[in-house]
Amino acid sequence: DDGSECGTIATNCFSLDEVELLINWLKTKWNIISTKQKNRVNYVLHISQKSRLDFERLIFPYMVPSMYYKLKFLDILKAESVG
């Protein structure tokens with residue numbers, strides 16, 4: 001992802017079918033609600049506000065600290081990881 005804390009994942013090089021497959025997988029496997037949004041000619045994946053904290057909890061343990069600025073709920077995630 002090359003975005004910031006907006007909840008968008010840059011799937012610009014994915015086909016529409018691939019983006020829809022990812023949306024379905026996130027919902028089925030992790031109960032993460034996401035949508036596709038048209039970005040000029042391609043589609044990007046947007047994590048819904050309702051699922052944003054759950055998504056960030058899922059990816060936080062695998063992120064390098066220099067990428068933490070992309071997280072909307074960083075303070076919560078840091079507090080949870082300590083306790």
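The values are calculated or read from the model by the stated rules, or taken from the named source; none is laboratory data. Just so you know, these numbers come straight off a predicted model, no measurement behind them. Neighbour counts run over all protein chains shown; Cβ positions are idealised from the backbone, glycine included.
Does THR8 count as within 13 Å of the chain's Cα centre (by Cα), modelled with pLDDT under 95 and polar (S, T, N, Q)?
Numbers: within 13 Å of the chain's Cα centre (by Cα): yes; modelled with pLDDT under 95: yes; polar (S, T, N, Q): yes.
For THR8, the condition - within 13 Å of the chain's Cα centre (by Cα), modelled with pLDDT under 95 and polar (S, T, N, Q) - is met.
Scan region 55-73 and tell me whether some residue there is surrounded by 12 or more Cβ atoms within 10 Å (Cβ to Cβ) and either touching a strand residue (DSSP E or B) at 6+ places or on another chain (Cβ under 9 Å) or at positive phi (or both).
So far as region 55-73 goes, yes, one or more of its residues are surrounded by 12 or more Cβ atoms within 10 Å (Cβ to Cβ) and either touching a strand residue (DSSP E or B) at 6+ places or on another chain (Cβ under 9 Å) or at positive phi (or both).
If a residue must be over 28 Å from SER81 (Cβ atoms) and either assigned to a strand (DSSP E or B) or in contact (Cβ under 8 Å) with a residue 12 or more places away in the chain (or both), how many such residues does region 24-59 contain?
Result for region 24-59: 8.
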